[in-house]
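See structure below.
Derivation of every value follows stated rules applied to the coordinates shown; laboratory data play no part. Note that the structure is a prediction, hence the values are computed from the model and not measured. Virtual Cβ from ideal backbone geometry, glycine too; neighbours counted across all protein chains shown.
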Amino acid sequence: METEADLIQYHKSVARELASTRDRVRNLIGSRHWLTDGEHKEVVLRKVLRNHVPENTRVGKGFVFLGSNTSTQMDVLLSDRSRPTLFKEEDLTIVTPDAVQGIIEVKTSIDSKSSLAKIITKLCDNAEIIRGQHRHRSSSWFGLFVYQPLPSNITDKDVLTIVQAAVRGQPSRAIDAIALGPDRIVRFVEEEERKREIEAPAWLLYHLKDLAQAYFINYLVWHLASNTSWSLRSAWFPMVSTQKYYIKKYVPLHNSTVRDFPANLSEKLQFYTKTPAEASPQELGDFKKLVEKSEQVSAANLDQRIQRAERLAFCYHRGALVGAAALKQPLPNRVSTTFTKAQTNEAAGEYAIELGWLMVEDGYRHQGIGKTLVSSLVGELQDRKAYATAREDSITAKLILRLYGFEETGAVYKSSINNEMIRLLVRK
């Protein structure tokens with residue numbers, strides 16, 4: 001879309017603004033001083049930030065008064081103008097923790113893993129001390145801004161491993177964002193934001209060509225303007241609908257294992273269908289094990305019911321079954337009972353096939369796997385009628401079924417397995 005492309009170019013211009021301001025300063029003071037005096041880079045970032053943060057936020061440098069002592073100097077100190085200020089002289093401010101809205105550590109470059117670990121640990125220490133004065137972790141935002149890309153020997157996995165270790169599983173020590181040059185950014189997400197895709201809270205590492213530094217600023221701005229309507233998010237994050245495809249890896253707050261992000265696995269997934277007779281014992285065992293994870297599936301006679309199925313659909317990733325579905329052939333009394341519970345006017349005897357056992361592993365959901373599985377099985381139906389059931393609150397499952405011609409019928413009814421409310425859908 002033209003509008004989206006224009007927004008992307010606009011946000012890329014923020015990185016160019018940083019670069020052009022940096023170069024103007026560098027041309028005046030010389031490269032030698034630029035590399036040795038960090039103050040110049042901080043001035044550049046503070047200048048750009050002032051053009052974007054809300055008016056009630058003061059952008060400067062300074063210290064945080066902690067009662068018995070004072071913090072080290074903060075490269076970028078963002079404070080609330082509505083709160084009292086202990087001291088202010090031009091850019092230099094001294095405030096109490098309740099006035100702190102954000103703190104940013106600024107670096108020209110980082111040349112080793114040990115240096116990165118030292119810098120991040122120091123920032124975590126400051127976060128823990130300052131946030132300790134607040135009731136909620138999210139009251140102050142902490143970030144690391146690095147102008148130049150990291151050397152190639154510091155991998156995405158190294159970055160996330162270092163961050164996770166420095167935080168020590170304590171939310172009060174969490175760093176909200178890290179810009180690693182113009183193309184890579186790490187972002188901390190809360191549990192409620194991605195609770196159905198990954199183990200969270202977690203850090204996500206994105207590859208965003210020429211957008212990482214702008215997104216760093218925008219994540220900060222979005223935090224400061226916390227009452228902004230979610231519908232306006234695309235103005236600040238123009239690729240919001242496809243942003244997950246730029247996430248390369250993630251690491252949970254409470255688990256040190258760095259993982260590939262599910263959205264980047266589509267090219268490695270293997271989809272196929274087989275009859276139960278064609279499936280190997282391993283495939284049948286994997287299928288049963290995955291299906292048993294569903295709270296909607298009864299374990300009674302499951303082996304025999306799988307063998308009765310007309311066709312099984314599989315999705316494997318790296319040798320593990322991560323998605324499954326089937327065209328089931330339930331016994332007539334099972335069909336009749338289901339249709340009676342749903343109080344539908346459809347004739348149960350006309351529906352001998354049930355599309356069911358649709359199951360996708362946690363961490364692989366919302367990636368189109370369920371849709372692909374259903375599509376492969378619907379193709380086997382041709383003109384035959386079929387039915388399916390879904391939890392009434394499972395919006396995704398119902399949307400997929402509707403996409404392939406299933407329609408809701410009758411009334412919702414209570415599951416005999418776990419008392420969930422169930423919806424019957426039919427494909428005529």
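Brief remarks follow.
- Fewest-first ordering of Glu17, Glu407 by other beta carbons within 10 Å of each residue's beta carbon gives Glu407, Glu17.
- The chain: angle of helix 2-29 to the longest principal axis, Cα-based, in degrees nearest 10: 30 degrees
- For the chain, the dipole from Cβ point charges (+1 on Lys and Arg, -1 on Asp and Glu) about the Cα centre works out to 220 debye, to the nearest 20.
- Charge dipole (the chain, unit charges on Cβ, about Cα centre) - positive-most of Ala117, Leu180, Val251: Ala117
- Acute angle (nearest 10 degrees) that the helix 332-341 long axis makes with the longest principal axis of the chain, alpha-carbon atoms: 60 degrees
- Cα lying deepest toward the dipole's positive end in the chain, options Pro330, Ser298, Val163, charges on Cβ: Val163
- On the basis of the beta-carbon distance and an R0 of 25 Å, Arg83 and His52 show a calculated FRET efficiency of 0.75.
- Nearest-20 debye value, the stretch 261-386 charge dipole, Cβ charges on Lys, Arg, Asp, Glu: 80 debye
- In nm, spacing of pseudo-spin labels at Ser336 and Glu190 (7 Å Cα→C-beta vector): 5.3 nm
- Its Kirkwood hydrodynamic radius, worked out from the mean inverse distance over all distinct Cα pairs, puts the stretch 266-427 at 15.9 Å.
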